[in-house]
């Protein structure tokens with residue numbers, strides 16, 4: 001049953017203004033494909049009607065008028081055919097729809113006047129045929145123009161009532177029944193056109209919302225939610241487009257920016273403050289963004305930048321200096337004060353690399369080099385860096401193909417008790433002799449093994465050999481072993497390391513695991529859990545390289561540490577730097593107060609040893625007391641150690 005209020009509501013409704021342009025484009029798209037066929041049908045109907053009345057009506061109505069209608073119909077058909085496969089701007093689409101309204105009403109009015117003029121020359125049979133032809137034509141027009149609801153209904157209301165009234169008034173009883181039936185069809189047709197138009201609007205609205213949602217999702221997928229900067233995916237997408245646009249002309253630089261000291265701030269004050277720090281630094285970096293400069297957050301406290309526009313090396317280094325200066329300005333939130341810095345690594349296109357990811361790798365290497373040697377400054381990738389990268393790649397390939405059981409050996413450096421002047425332990429030091437490269441120092445192959453996820457294999461091999469050697473030593477001689485950050489953070493690696501210790505036959509109390517401060521900075525919670533697993537076994541823990549990283553006393557009192565090892569850099573500067581001596585005395589005093597052992601490494605002169613003994617250091621290690629030796633040489637060292645102990649007891 002027809003719902004008249006709903007029908008009237010549909011008639012009154014207007015498309016929302018935000019949809020108007022999209023609706024115009026969609027309607028025009030439908031018309032471009034349908035209108036040529038509609039005009040062909042109209043022209044055929046005109047010819048049919050003219051032929052029907054050729055013998056009954058005057059030539060003006062059967063030839064002149066149809067010729068004008070045919071000319072108009074054919075002209076419009078060709079007009080719409082010519083518009084196919086053409087892109088039309090929204091403003092022009094609206095204008096073309098207005099022309100459709102104007103021409104459709106004019107054509108319909110002319111068609112109605114012509115057919116009404118013919119009505120008087122028809123008998124009952126011709127009258128019925130004429131009405132049927134007009135009704136069919138009206139139905140075709142209504143469905144073709146259904147997306148233009150008002151014009152479709154206007155054309156229907158212009159012609160149908162008049163013809164149906166004349167059919168019912170001038171015809172007999174059968175004609176009245178036909179007119180009534182056609183009137184019901186016309187009403188239903190009008191309702192269907194209205195509903196169809198509304199459904200079309202809803203469909204376009206849904207499509208528009210879908211596009212907007214897709215755009216929003218795309219924006220979210222390509223934007224860092226914390227800082228609002230482009231994220232890693234968007235950074236590389238834009239960089240690849242910029243490289244394509246540059247061609248081989250050059251003048252494009254890629255940079256990687258990393259905050260120095262962010263992790264301790266995040267750990268000390270919590271993630272909420274850490275997020276505020278990142279947002280503040282992102283805002284500072286965004287000041288450097290522009291038409292030629294793109295800033296993005298790549299993850300964690302790492303940001304990316306690339307600069308177009310044909311700048312040169314001095315220009316980019318000057319930009320790096322400005323960025324580092326902006327990042328050094330201290331932050332203060334309520335009662336939180338944070339003084340950080342940033343290091344920047346740059347690479348040039350096409351000088352250093354020809355694609356986005358290789359450029360990033362070289363900029364990242366320059367950053368890594370800067371953090372090791374020029375922290376808080378900007379570094380430009382150089383040919384020397386390229387050589388080191390290639391050598392590191394060669395090392396990694398050799399490591400992956402190495403027979404570690406054969407190629408990896410262990411040497412041991414003694415640790416001396418200051419009071420007894422006896423060896424109390426040996427530190428295990430990895431040595432690698434590659435058949436392809438030769439002897440590779442640990443400070444070269446260990447970082448490569450860590451970055452290439454090969455460190456677990458190296459650690460297991462070296463630890464197994466070190467434990468096998470320690471099994472032959474006296475029970476009072478300990479083994480000190482350095483663990484990589486990656487080993488400590490991996491549950492799988494930790495499980496294997498613990499299994500090795502348990503199956504070695506070496507009492508866990510003889511083993512001391514050395515953990516660097518940088519390991520704790522990387523992820524304190526993971527490191528803490530791993531350390532407690534070792535302590536539960538009875539393994540001792542030493543905090544290595546103390547003072548070289550981001551020293552925090554909170555690490556010392558929050559962890560079950562047994563020994564602190566002062567970094568060798570302070571020992572080497574003892575004679576020249578009063579500050580270094582004061583730091584060593586302070587750390588030794590701290591250890592004494594906390595009931596911890598204190599060890600110093602890198603002792604090479606008698607003068608250094610005398611000062612350390614005077615300050616109260618417990619254990620010393622360095623070339624003064626012995627260089628690293630092979631497992632086969634240890635028995636002789638221990639024999640000398642035992643003789644010295646006997647002499648000391650007799651004395």
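The values are calculated or read from the model by the stated rules, or taken from the named source; none is laboratory data. What you see is a predicted model; the values in this text were computed from it and never measured. Positions of Cβ are backbone-derived with ideal geometry, glycine not excepted, and every protein chain shown enters the neighbour counts.
For this structure, a couple of remarks:
- In the stretch 573-585, the residues that are surrounded by 20 or more Cβ atoms within 10 Å (Cβ to Cβ) and either modelled with pLDDT of 90 or more or not in a helix (DSSP H, G or I) (or both): 574
- The sole residue among 250, 255 that is modelled with pLDDT under 85 and either under 15 Å from residue 346 (Cβ atoms) or not in a helix (DSSP H, G or I) (or both) is 250.
- Close contacts from the stretch 45-56, counting a first residue that is at negative phi and part of a loop (DSSP other than H, G, I, E, B) and a second that is surrounded by fewer than 19 Cβ atoms within 10 Å (Cβ to Cβ) and modelled with pLDDT of 85 or more, with Cβ to Cβ under 9 Å and a gap of 6+ residues or different chains, come to 54/63.
- Residue check: residue 294 meets all listed conditions (1) in contact with a helix residue (DSSP H, G or I) (Cβ under 6 Å, 6 or more places away or on another chain); (2) modelled with pLDDT of 90 or more; (3) under 30 Å from residue 526 (Cβ atoms) but one, namely (3).
- Output for the stretch 351-376, where each listed residue is in contact with a strand residue (DSSP E or B) (Cβ under 8 Å, 6 or more places away or on another chain) and more than 22 Å from residue 447 (Cα to Cα): 353, 356
- Of the candidates 414, 442, the single residue that is crowded, with 18+ Cβ neighbours inside 10 Å and in contact with a strand residue (DSSP E or B) (Cβ under 6 Å, 6 or more places away or on another chain) is 414.
- Hey, residue 122 assigned by TED's automatic domain parsing to the domain that holds residue 35 and closer than 27 Å to residue 29 by Cβ or not: no
- Residue in the stretch 272-279 that is modelled with pLDDT under 85, more than 21 Å from the chain's Cα centre (by Cα) and over 18 Å from residue 330 (Cα atoms) present: no
- Some residue of the stretch 482-495 being in contact with a strand residue (DSSP E or B) (Cβ under 8 Å, 6 or more places away or on another chain), closer than 30 Å to residue 610 by Cβ and at pLDDT below 95: yes
- Set 380, 359: member being farther than 29 Å from residue 264 by Cα and buried (at least 19 other Cβ atoms within 10 Å of the Cβ): 359
- For residue 73, the criteria (1) crowded, with 16+ Cβ neighbours inside 10 Å; (2) not in a helix (DSSP H, G or I) hold in every case but one, which is (2).
- Flag for residue 410 being part of a strand (DSSP E or B), out of contact with any helix residue (DSSP H, G or I) (no Cβ under 6 Å at 6 or more places or on another chain) and in contact (Cβ under 8 Å) with a residue 24 or more places away in the chain: no
- Residue match in the stretch 464-472 (condition: assigned to a loop (DSSP other than H, G, I, E, B) and at positive phi): no
- First in the stretch 288-302 and over 15 Å from residue 254 (Cα atoms) and in the same structural domain as residue 342 (by TED's automatic domain parsing), second anywhere and loosely packed, with under 14 Cβ neighbours inside 10 Å and at pLDDT 90 or above, Cβ under 6 Å, 6 or more apart: none
- Contact map, the stretch 108-120: first residue farther than 18 Å from residue 71 by Cβ, second residue outside any helix (DSSP H, G or I) and at pLDDT 80 or above, Cβ cut-off under 6 Å, separation 6 or more or different chains; pairs are 118/53; 118/57.
- Residues in the stretch 316-340 that are at pLDDT below 90 and either within 15 Å of residue 367 (Cβ to Cβ) or in contact with a strand residue (DSSP E or B) (Cβ under 8 Å, 6 or more places away or on another chain) (or both): 327, 328, 330, 331, 332, 337, 338, 339, 340.
Condition check ((1) in the same structural domain as residue 413 (by TED's automatic domain parsing); (2) in contact with a strand residue (DSSP E or B) (Cβ under 6 Å, 6 or more places away or on another chain); (3) farther than 18 Å from residue 556 by Cβ; (4) in a loop (DSSP other than H, G, I, E, B)) across all residues:
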| residue | (1), (2), (3), (4) |
| --- | --- |
| 587 | yes, yes, no, no |
| 598 | yes, yes, no, no |
| 603 | yes, yes, yes, yes |
| 607 | yes, no, yes, no |
| 610 | yes, no, yes, no |
| 614 | yes, no, yes, no |
| 635 | yes, no, yes, no |
| 638 | yes, no, yes, no |
